[in-house]
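The values are calculated or read from the model by the stated rules, or taken from the named source; none is laboratory data. Bear in mind the structure is a predicted one, so any value in this text is a computation, not a measurement. Cβ sites come from the backbone with ideal geometry, for glycine too, and all protein chains shown count toward neighbours. Surface areas here come from the heavy atoms of the whole protein model, side chains and all, with no ligands, DNA or RNA. Shrake-Rupley method; radii C 1.70, N 1.55, O 1.52, S 1.80 Å.
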Amino acid sequence: MKELLTGNAAVATGVRLCNVDYIPAYPITPQTEIIELLSRWINERKMIARFVTYDSEHSMITGAGAASLTGARTFTATSSQGLLYAFEMLYNLSGWRAPIVLANVSRALAAPITMEPDHNDVLAARDSGFIQIHAETCQEVLDSVIMAYRIAEDNRVRLPVIVNLDGFYLSYTREPVMVPQEDEVAKFLPQYRPTFGYLNASNPISMGVSVLDSSAYSYFKYQIHLASLNALRVHEEVSSEFEKMFGRRHGLTDEYMLNDADYVIVMTNSFTTMGKAAVAKLREEGKKVGILRIRMIRPFPKQEIAKKLEGKKAVAVIDQNISVGSGGILYPEIVSALYHIKERPGAIISFVGGLGGKRISLSEFRHIASTLEGAMSGEAPKVQSVLLFTEDNWSSVKEMLKIAGKGDVNG
Amino acid sequence: MITVTLRGRGGQGIKTGAHVIGTAAFLSGFYVQDQPLYGAERRGAPISAYVRISRQVILDRGQIDNPSLVVIGEESLMGMASDNPPHEISESTVILVNSPLSKSDLASRYNIKNSLIVFDLVKLSSGIIEKPHLGIAVAAAACKLLGLNFDFVKESIIKELVNIQVNRDEIARNVDLASKVFDTISPVTITTPREAYRESGILEPKYHEPAISTCAITATGNSMLRDRAQWSNYKPVIDYDKCTKCMVCYVYCPDSAYTIDSEGYPIVDYDACKGCNICKTECPVKIITLVERNKR
Ligand code: SF4
Ligand code: SF4
């Protein structure tokens, strides 16, 4: 059935369909609607699961990991500062190989404080061992939750998964979403029956043990890395099965007018929708631009990215994040994915945009397209990431600075 | 694509209003996207919500810059300079306002040249419902302007109000009110506005010294620039004959709206008061009443 669902409701609906057993919860805007919905459904008996409120995100993630290791299918959700507060436990969960699904509703990090999205929260967790799937639409959010459990619980992976959705632009935005049938989801995602490493009173084991031998540490840590890399293949299998069953395909990457494009803009998450509209406009003006959206961020699908971008004239990477002191976070990863291919794009240029949820205007997309063209006609591109920020943006900031008591500031 | 912006105040049901329009259009077979923008997340503070309606998949997100239709919940929200975010409109934007004033009065007061539709919720709701749901009423009016069928509007209202756990009697009354609003509004042409696009060059911010570039406010008293008196629908009134000067209200007020006069009596600064009701609840001798604010 097709319904109008917010991104948050899409997450909750996915969780309900996945027959989750345990939900540790702690509220934070713009995620709270997810746990509110789940607790309501449990209360109304629309869903059978155990819902527990914790005293912080740190305990919440710890509880999620512990529950998962008893063999319970576990879901939890957070955002922004909440994810950071839980940070050390993220690494523990992947080390315990606890296959939970965590919805992160992206919200830019303080200070200054804001409610709107960028990806410095979720990308801070990129080295944690969590698989990361980043969604563009509410439909994809729901589908990704279902796919996430299949990937997480697969013995070739057995790692926790983050499904990321943008605050406001998805979390509170309603869109038509096809809600799959319960029995079909049950067929696609059988009950979770772990075959090893779970806590059971009659079969005691020690989890999270210390290894004072460094070669043992190297071994176990590298196993997590190999498990993560396996997720690339497992994702492809799961994705094909999902398509067969539900008729929708979600790959490692997604593309828009990419095939015959000379110039490609690489993006992630919900702002890609605005990028598509801009590309359609630029095409009308005769510019052969396309979009590559990276959906799976961890493991990073280097080969697929290389295949999609090989032979293109020039590539722009829009990072909706900033690694302070370096620039866009994904840019160097994409450059390294392209370095050894034969027909490497003539220029790969880094843009940072959409920080704190600032919309990327058509002007800014135009600027990206002309920068790519310029780079091909010999203009030397900037070494540093270019901030997507306009004269209009500056005049509104200037106005605010004045009200804040900083006088007339020159740009 | 047709775009609608709704403007109201936290607590008036503007988000539900956007959902009612969205669901009605969705039931009518359109692609829909709707979204509230909470702003200060506080009762009485200005809030916006957006609806996009299209025959094709919608390739846009977030704030709407140049809507086909602006729906304004109460007159105090017209022309508010400190509104966040400011809504740019073009000459083709149709404006729908809930106000007891006449169309010509409003047009001249705010210098509006656009197509303007006015309805008076207080008048329309009398005899039907005591506390009308503003969001539902404005949504019904907007749906009429958008040319949607009332059957879908009704289905949508019921769906959305059940969703926020409103009881059956109140849903029925709101549906009655909606049908009355729907019938009073005469349709006008709503168009896809000319593109809101304006070219604005890329500008790389320069480094500024910390006194400027640290996110801190050095000016004092700038909250006066915001008309906060409008953020509240009620205000506390003290019966001074019975006041014991215990100062409990003064201590509990979360917004420090109270001062104590030279005789020791509490005085409320109504510009700072948000009408939260805490002083009324805490007053040990129960002599504070909340009265409705007179707003346009
Ligand atoms: S109503 Fe609330 S804000 Fe107003 S004076 Fe009383 S306690 Fe203060
Ligand atoms: S709490 Fe009541 S009695 Fe005490 S000072 Fe305030 S108004 Fe007077």
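Just to be sure I understand: of the beta bridges DSSP finds with both ends in the protein assembly as shown, what percent are antiparallel, rounded to 5? Mind dumping the intermediate values first?
On the way: 37 of 85 bridges.
Roughly 45 percent of the beta bridges in the protein assembly as shown run antiparallel, per DSSP.
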Problem set entry | Accessible area (Å², 1.4 Å probe, nearest 10) - B:T281 | 80 Å²
Exercise. Residues of the stretch A:257-275 with accessible area at least 40 Å² lower in the all-protein-chain context than alone (1.4 Å probe)?
Worked result: A:T273
Exercise. Taking only the alpha-carbon positions of the stretch A:180-294 and ignoring solvent, what does the Debye formula give for the base-10 log of I(q)/I(0) at q = 0.21 Å⁻¹?
Worked result: -1.15
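Taking Cα pairs under 8 Å and at least six residues apart, what relative contact order does chain A come out at, in percent? Present the calculation step by step, with values, prior to reporting the outcome.
Numbers: 805 pairs, mean separation 60.8, N = 411.
For chain A, the relative contact order is 15 percent.
Work out the FRET efficiency for A:Q191 and A:Q384 from their Cβ-Cβ distance, taking R0 = 56 Å, and round it to the nearest 0.05. Display every interim value, and only then the final one.
On the way: r = 51 Å, r/R0 = 0.91.
Working from the Cβ atoms, E equals 0.65.
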Exercise. Per q in 0.14, 0.21 1/Å, what log10 I(q)/I(0) does a Debye calculation on the alpha-carbon atoms of the stretch B:7-129 return?
Worked result: -0.66, -1.37
Problem set entry | the stretch B:94-140-the stretch A:305-347 distance, computed between alpha-carbon centres (Å) | 53 Å
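Determine the shielding of peptide A:390-403 by partner chains: average, over its residues, the number of Cβ atoms on other chains within 10 angstrom of each Cβ.
Working: counts 6, 5, 5, 4, 5, 2, 2, 1, 0, 0, 1, 5, 1, 5.
Mean shielding count: 3.
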For this session: Could you tell me how many degrees, from 0 to 90 and to the nearest 10, lie between the Cα long axis of helix B:168-184 and the main elongation axis, the longest principal axis, of the Cα atoms of chain B?
Result: 60 degrees
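Taking 8 Å as the Cα distance limit and 6 or more residues as the minimum spacing, I'd like the relative contact order of the stretch B:88-244 as a percentage.
On the way: 117 pairs, mean separation 33.3, N = 157.
Result for the stretch B:88-244 is 21 percent.
Would you kindly work out the equivalent ellipsoid of the stretch A:317-367 from its C-alpha gyration tensor and give its semi-axes, the square roots of five times the eigenvalues, largest first in whole Å?
Gyration-tensor ellipsoid for the stretch A:317-367: 23, 15, 7 Å.
Compactness ratio of the stretch A:116-267: Cα Rg over 2.2 N^0.38 Å, N = residue count? Let's see the in-between values first.
Details: Rg = 18.3 Å, N = 152, 2.2 N^0.38 = 14.8 Å.
Here the Cα radius of gyration is 1.24 times the empirical estimate.
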Problem set entry | Cα extents of the stretch A:1-79 along the three principal axes, largest first (Å) | 36, 27, 18
Problem set entry | Stokes-Einstein translational diffusion, the stretch A:265-322 - Kirkwood Rh over all Cα pairs, 1.567 mPa s, 4 °C, in µm²/s | 105 µm²/s
Exercise. Cα extents of the stretch A:253-396 along the three principal axes, largest first, in whole Å?
Worked result: 45, 35, 29
For this session: Tell me, rounded to the nearest percent, the portion of alpha carbon pairs in the stretch A:138-191 spaced more than 15 Å apart.
Result: 56 percent
Problem set entry | Chain lengthening between A:E182 and A:E284 when straightened (0.36 nm per residue, less Cα-Cα) | 32.4 nm
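At a 1.4 Å probe, what is the % contribution of carbon and sulfur to the accessible area of the stretch A:2-246? List each step's numbers first, then the result.
Details: 4970 of 9570 Å².
About 52 percent, which is the carbon plus sulfur part of the accessible surface.
Past 32 Å, Cα to Cα, is the threshold; run A:K187/A:K281; A:K281/B:K180; B:K15/B:K113; B:K15/B:K103; A:K244/A:K302 against it and keep the listed order.
Values: A:K187/A:K281 42 Å; A:K281/B:K180 43 Å; B:K15/B:K113 28 Å; B:K15/B:K103 26 Å; A:K244/A:K302 26 Å.
From A:K187/A:K281; A:K281/B:K180; B:K15/B:K113; B:K15/B:K103; A:K244/A:K302, over 32 Å: A:K187/A:K281; A:K281/B:K180.
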Exercise. What value, in deg cm²/dmol to 500, does the helix sum -39500 (n - 2.57) over DSSP H runs of n ≥ 4 give at 222 nm once divided by the residues of chain A?
Worked result: -13000 deg cm²/dmol
Problem set entry | Free-standing Cys, chain B [no other Cys Cβ under 4.7 Å] | B:C143, B:C215, B:C243, B:C246, B:C253, B:C273, B:C276, B:C283
Exercise. Accessible area drop of at least 40 Å² (1.4 Å probe, protein heavy atoms): which residues of the stretch A:339-361 qualify, relative to the chain alone?
Worked result: A:R359
Exercise. Which residue, B:E209, B:E91, B:E199, has the most motion in a Gaussian network model of chain B that connects Cα atoms within less than 10 Å?
Worked result: B:E209
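Note down the Stokes-Einstein diffusion coefficient of chain A in µm²/s, whole number, using a Kirkwood radius over alpha carbon pairs, 4 °C, and 1.567 mPa s. Don't skip to the answer; put the middle values down first.
Working: Rh = 22.2 Å.
For these conditions, the coefficient is 58 µm²/s.
Given chain B, report the % of alpha carbon pairs whose separation exceeds 27 Å. Before the final figure, lay out each step's value.
On the way: 21826 of 43660 pairs.
Of the Cα pairs, 50 percent sit more than 27 Å apart.
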Exercise. Per residue Cα convex hull volume for the stretch A:35-88, in cubic angstrom?
Worked result: 77 Å³
For this session: Compute the Kirkwood hydrodynamic radius of the stretch A:317-411, taking the inverse of the mean of 1/r over all pairs of distinct Cα atoms, and give it in Å to one decimal.
Result: 15.1 Å
Exercise. Taking Cα centroids, how far is the stretch A:371-406 from the stretch B:220-296 in Å?
Worked result: 46 Å
For this session: Over all directions, average the projected area of the Cα convex hull of the stretch B:227-292 and note it in nm².
Result: 4.1 nm²
For this session: Quote the Stokes-Einstein diffusion coefficient, in whole µm² s⁻¹, for the stretch A:2-246, based on the Kirkwood radius over alpha carbon pairs, a temperature of 4 °C and a viscosity of 1.567 mPa s.
Result: 72 µm²/s
Exercise. Of all the Cα-Cα pairs you can form in the protein assembly as shown, what percent are over 33 Å apart?
Worked result: 55 percent
Exercise. Quick one: helix B:150-163 against the long Cα principal axis of chain B, what's the angle to the nearest 10°, folded into 0 to 90?
Worked result: 40 degrees
